[in-house]
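Peer 1: Dumping the structure here so I can ask a few things about it.
A short reminder: the numbers here are calculations on the coordinates, not readings from a lab. On a predicted model such as this, the values are computed, not experimentally measured, just so you know. Here the Cβ positions follow ideal geometry from the backbone for every residue, glycine too, while neighbour counts run over all protein chains shown.
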Amino acid sequence: MNSCAICEKQFTHKREVIYSNDRWMLVAVESRTALGYLHLETKRHIEHWHDLNEAEQHDFFHIVKVVEIALKEVIGSERLYMTSMNELVRHLHFHLIPRLKGSAKRGLPFISEVIGGAPSVSLKEMDWVKGLKTHFVQV
Ligand SMILES: [Zn+2]
């Protein structure tokens, strides 16, 4: 049995999946500090950028592009922050964190607050989740 938390979640946890194909899974993350916070995870258990194959690399940039456009339209984000550390969970994944237009919270302090924050918001019935899913219907 794989002891990776992300691999386990992909197969056993009910999650709010925005988009999924053979190579990537995009999921909404419950966050009290960042509306529209997403995780983008490879389906394969890989740990490094250089492990990405050509198809995964191609999909990655396409998915991020659609996410940025969708978040701007659905929640009015102005910037899309992205970080990938893979330290605690060594499965290649990315934190996609929108910064809303006019928000005073920005930059590294905001990213740190979002990633380190405890979840307290239920994603059920949240309009931004539904809105984002509509952007991936044609992908
Ligand atoms: Zn894994």
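Peer 1: Which members of the stretch 1-53 meet the condition of being without any contact (Cβ under 8 Å) to a residue 12 or more places away in the chain and in contact with a Gly (Cβ under 9 Å, 6 or more places away or on another chain)?
Peer 2: Once the filter is applied, which keeps residues that are without any contact (Cβ under 8 Å) to a residue 12 or more places away in the chain and in contact with a Gly (Cβ under 9 Å, 6 or more places away or on another chain), the stretch 1-53 yields nothing.
Peer 1: Suppose we filter Glu8, Glu56 for residues that are surrounded by fewer than 17 Cβ atoms within 10 Å (Cβ to Cβ), charged (D, E, K, R) and over 19 Å from Lys105 (Cα atoms); which single one remains? It would help to see each step written out before you state the result.
Peer 2: Numbers: Glu56 fails: surrounded by fewer than 17 Cβ atoms within 10 Å (Cβ to Cβ).
None of the other options fit; the residue is Glu8.
Peer 1: Sticking with this structure for a sec: Which of the residues that make up the stretch 15-54 are more than 14 Å from the ligand (Cβ to nearest atom), more than 16 Å from Arg90 (Cβ to Cβ), over 9 Å from the mean Cα position of the chain (by Cα) and of a type outside the set (A, V, I, L, M, F, W, C)?
Peer 2: Arg15, Glu16, Tyr19, Ser20, Asn21, Asp22, Glu30, Ser31, Arg32, Thr33, Asn53, Glu54
Peer 1: Do you know which residues across the stretch 70-94 are under 14 Å from Phe60 (Cβ atoms) and within 16 Å of the ligand (Cβ to nearest atom)?
Peer 2: Ser84, Leu92, His93, Phe94
Peer 1: Continuing with the same structure: Wholly within the stretch 17-106, which strands (runs of 3 or more DSSP E) include no fewer than the required count, namely at least 3 residues that are over 19 Å from Ile6 (Cβ atoms)?
Peer 2: Details: elements: 17-20, 24-28, 38-42, 77-83, 93-100.
Of the strands (runs of 3 or more DSSP E) lying wholly inside the stretch 17-106, those with at least 3 residues that are over 19 Å from Ile6 (Cβ atoms) span 77-83, 93-100.
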